[in-house]
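One structure is given below, encoded as structure tokens.
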Amino acid sequence: RSQRIRTYNYPQGRITDHRINLTLYKLAEIMEGDLESIIEPLIVEQQTNQLTELNDALA
């Protein structure tokens, strides 16, 4: 079974990104295009992973 990436819970107004364990109660805003609160944590996670990989490669 494939992993869940994101769950949208409309009755609770909740969106959960399972990759980075992020839960926000801003579903309406996100569906209207306000994606910054989802995109920014994903970018930070990616940058952290890249820096960790680089550090491991140099060690």
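Each reported figure results from applying straightforward, stated rules to the coordinates on display, with no laboratory input. What you are looking at is a predicted structure, and each value in this text was computed from that prediction instead of being measured. Here Cβ is always computed from backbone atoms with ideal geometry, including for glycine, and neighbour counts include all displayed protein chains.
Residue 11 falls short on exactly one of the conditions (1) touching a Ser or Thr at 6+ places or on another chain (Cβ under 7 Å); (2) surrounded by fewer than 10 Cβ atoms within 10 Å (Cβ to Cβ); (3) not aliphatic (A, V, I, L, M), and that condition is (1). Where strands (runs of 3 or more DSSP E) fall wholly inside the chain, the ranges with 1 or more residues that are in contact with a helix residue (DSSP H, G or I) (Cβ under 8 Å, 6 or more places away or on another chain) and of a type in the set (Phe, Trp, Tyr) are 6-9.
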